[in-house]
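A short worksheet on the structure shown next.
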Amino acid sequence: MGTFHKPSALAHISVLDLTGPEGNLCGKILADLGADVTKIEPPDGDKSRKIGPFASGVNRPDFSLYFANYNANKYSVMLDLESMEGANRFIQLSEGVDVVIENFRPGYMNQIGIGFERLSLNNPGIVMASISPFGQTGPYSSFIGGELIVQAMGGVMYCQGDEMKPPCVAPCEQISQLTSFHTATGVLAAINHRNLTGKGQCIDVSMYEIAAQLLFNITRYTYHGDIARRMGSTPIIAPNGHYACSDGYISLAVLENRHWQELVRWMDNESLADPMWNDMNFRRSQPEVVDIFVRDFISGFSVQDFLEQAYSRRLAVSRVNEISDLAQSSQLKERNYFREVIDPKIGAHLVPGPPYRFGLTPSVLERPTPRLGEHQERVIEKIRTEGRNSKEENDRLSDDLALPLQGIRILDLSRVWSGPFATRYLGDLGAEIIKVETNKHLDTGRIVTNSSPQFLEINRSKKSITLDFAGPEGVELIKELVQISDVVVENFASGVLDRRGLGYETLRKVKPDLVMISMPGYGTEGPKAEHVGYGQSLMSYAGLSNLWGFPDSPIENHSNVHFPDFVSAGATTTAILAALEYRNQYRFGQHVEIAQVEAMAGSMGVALLDYFVNGKSWEPIGNRNPWSAPNGCYPCEGEDEWCVISCPDEDDWNNLVKSMGNPAWAQDPKFQSRENRLINHDELDKYISQWTDNFKSHDLMNLLQQHLIPAGVVQTGEQLYNDPHLKERGFIVSVDHSEWGSVEHPGIAIKFSDTPGRITRGVPYLGEHNEEIFSNLLGVSEIDMGQLLQKEVIS
């Protein structure tokens, strides 16, 4: 294979980053993977520099921990894009780069003469990604949005929080961060296509659509009319939630029958020992009964005692951590997850590491947060010496490559949600996904009635084969499949594949340039490496559960969803395409580990920096925002109807006052500055709620948006399904599934101008593609197939 390799996966990629707060992370993702990322800032700097928290409380741009979290590893250049000189300089810069990322209001780049069409004249291979709250087209494209608004509109908020309180927003800008990972994936998919055709393209990324594909709200509604609602402390299936011990809280998720049976043995409870409780569908019908027994049992333990005994029984549990607990995590410390950076203004401090570990091309933190315009001379000199990009349009391949990942084959050994969601996303973009299943250990979606919508959502655009690879014949067939695949994805517990003779070191001998992705819950090393990690427990371990709720809500009522599955899936798709891009350039494969807890911990980056630098451990604040007032969820006419409103600056507040008819109370000095409104937020919310309660939610949203106020309806799955904006953008699609018939789903959240993805097929029958894959692709004879079927190797 040789020994030459570059130090980073994307060292050959150059990027111009024009993004503000909602898109900053995308450039950092690419920079951490080795890309040369130059941040283009206006003369007064990116808005993110003015967002707190600030180091040592110093409210100055160079001390913003928010900016530092999303912009380390980048270069900074100042350009006034609205001046002719600045626009021309930007066009010059664009001639020598691969990618431009921007999140201006739709149409702005074209208005100032630097849109995709103009840039591609001199650089036909350029890829431009445009991030916006609602996309570049559609009825809401001109709406003003932000994190609170897209979480509300996208269905993330409606089912989170206490049943007797307003819906609750997820902290730490989770949708903005997920959008950045999906955008990075889209960029790398477009580069993959450009490598074959020489053509760049533009990518339209809607934060709203990223949010709308989470939590399965649309498919749950279209499949059986189910609307997910706020459940308080009662889970859909029990036990699955936050439980009080004598000295704190733990998270417990019992989602498989073997775990249920182990828990019942431990509890020694005669009522739950009845065999009828072994039926997961029956447990779903009686969650309150189960929860009473489980809560009573757990309350007798200390947190540490319960965790130790639960770990020994291989149950999915964790402490409900605060940010300070996460920062002191023995697991993360032993894995050297936190890295030190020396910032000339902030000083030396720790920062979260990347969500993935590349075996051959590790991510490197090469430089701290840039000062405004710090690299002006470097970039100008680069223009002078390097000139135009050589990646121009060519005739290497025809335009028959209709999908950006066409020609890539992925062997999918993953189960449940995180791995299958990642591979489904790549399948929608054209990769051939071969899902390996077995009758002996069915994926939960094939056996649990109410899981079907989720299973359908994350397993479309795949082929299904059945193969039991616990024995030697199955292992050999896996190796043959690896030989003809580009990527293997697995999320088994740490060490399982190695014990079966299918670890990376073995498989790379079969396929030297193989890209292998492993997604263990806590990683393959460290004191928790062997622990079972489901999304709910990983979310609690990473501190998200503790923060996702109202200050006066009991922990039992805080959010308890599988959010880490979506976070780790987004990181996985990015990692796969980065590793393939490196392989395309240098012919080396590699093993990439994505510890799901580290992916989730990284999304808490701003909170962690506040702890590491200022010693502050965040507490839950519900829908409040320390940099925006008002910022909340307000009642509207009708049952459980809500609209969110955010006023981050004085213009927004003045517009809101005007839209309310300039009420006398709004003239009170206690509301005349953001600082005063933050102090008096409770009283402010009462006044606003009295006003909003007179409006239908969509009428209020439209009124406020007309006044240029960030606002959005807190939507259910039903409202998402009927949303005119999503329908006009073709986001709701009908898919025919082999066993389940036609079901309407969220479509593909990233729109490619030249190679739009498409759902290639619905969920197949179990083993539907056995003949195609084993007989036609691997050449297994009819006689051998018969023997393998008889031995139940293929079943």
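Listing for the model above:
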{"item": "Whichever lysines have a C-alpha closer than 17 Å to that of LYS333, once near sequence neighbours (fewer than 8 apart) are set aside", "result": "LYS528"}
{"item": "1.4 Å probe accessible area per residue over segment 207-292, in Å²", "result": "39"}
{"item": "Two-site FRET efficiency, ASN439 against LYS727, from Cβ-Cβ distance with R₀ of 45 Å, rounded to 0.05", "result": "0.70"}
{"item": "Cα convex hull volume per residue for segment 482-531 (Å³)", "result": "69"}
{"item": "For the chain, convex hull of alpha carbons as volume per residue, Å³", "result": "157"}
{"item": "Centroid-to-centroid separation of segment 740-795 and segment 306-373 [C-alpha atoms, Å]", "result": "38"}
{"item": "VAL763 long-range amide H proximity, modeled H, under 5 Å", "result": "SER738"}
{"item": "Inter-centroid distance (Cα atoms) of segment 698-725 relative to segment 225-267, Å", "result": "34"}
{"item": "Whole-number D in µm² s⁻¹ for segment 396-516, Kirkwood Cα-pair radius fed into Stokes-Einstein, 20 °C, 1.002 mPa s", "result": "142"}
{"item": "Accessible area in square angstrom per residue, segment 656-788, 1.4 angstrom probe", "result": "47"}
{"item": "Relative contact order for segment 552-611, counting Cα pairs under 8 Å that sit 6 or more residues apart, in percent", "result": "39"}
{"item": "Rg over Rh [alpha-carbon atoms, Kirkwood Rh] for segment 269-322", "result": "1.01"}
{"item": "Peptide ranges 482-494, 770-782 listed from the most packed, as the mean C-beta count within 10 angstrom indicates", "result": "482-494, 770-782"}
{"item": "Residue-count net charge about THR179 - beta-carbon cut-off 11 Å; Lys, Arg +1, Asp, Glu -1", "result": "-4"}
{"item": "Whole-number percent relative contact order across segment 640-795, with pairs defined as alpha carbons under 8 Å at least 6 apart", "result": "18"}
{"item": "Amide N of segment 668-703 lying under 19 Å from the label point, which is placed 7 angstrom from the Cα of GLU619 along Cα→Cβ", "result": "678-683"}
{"item": "Rounded if a/c under 1.5, otherwise prolate or oblate - segment 249-354, Cα gyration tensor axes", "result": "prolate"}
{"item": "Nearest-20 debye value, the chain charge dipole, Cβ charges on Lys, Arg, Asp, Glu", "result": "1420"}
{"item": "Span from the segment 64-78 Cα centroid across to the segment 578-644 one, whole angstrom", "result": "17"}
{"item": "Spacing of the two label points (7 Å from each Cα toward its C-beta) at ARG105 and GLU340, in nm", "result": "4.7"}
{"item": "Contour excess over end-to-end distance, with Cα ends at MET84 and MET164 and 0.36 nm allotted per residue", "result": "23.3 nm"}
{"item": "Per residue accessible area of segment 48-159, 1.4 Å probe, in Å²", "result": "33"}
{"item": "Mean Cβ neighbour count within 10 Å, used as a protection proxy, ranking 43-51, 402-410, 186-194 highest first", "result": "186-194, 402-410, 43-51"}
{"item": "Cβ-based net charge around ALA595, under 10 Å, with every Lys or Arg adding one and every Asp or Glu removing one", "result": "0"}
{"item": "For ASN491, distant residues with modelled amide H under 5 Å away", "result": "SER414, ARG415, MET519"}
{"item": "Largest-first principal axis extents of the Cα set of segment 598-731 (Å)", "result": "45, 44, 26"}
{"item": "Distant-in-sequence amide H partners of VAL37 (H built 1.01 Å from N, under 5 Å)", "result": "VAL15, TYR75"}
{"item": "Loop GluC sites (Glu not before Pro), segment 135-177, which have at most 15 other Cβ atoms in a 10 Å radius of their Cβ (DSSP)", "result": "GLU163"}
{"item": "Share of carbon and sulfur in the accessible heavy-atom surface of the chain [1.4 Å probe, %]", "result": "48"}
{"item": "GluC sites (Glu not before Pro) within segment 77-110: DSSP coil, no more than 12 neighbouring Cβ in 10 Å", "result": "GLU82"}
{"item": "Isotropic mean projected area of the C-alpha convex hull, segment 548-593 (nm²)", "result": "4.3"}
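The values are calculated or read from the model by the stated rules, or taken from the named source; none is laboratory data. All of these numbers come straight from a predicted model, not from anything done at the bench. Don't worry about glycine lacking a Cβ; one is built from the backbone with ideal geometry, like all the others, and counts go over all protein chains shown. SASA here: full protein model, heavy atoms, side chains in, ligands and nucleic acids out. Shrake-Rupley method; radii C 1.70, N 1.55, O 1.52, S 1.80 Å.
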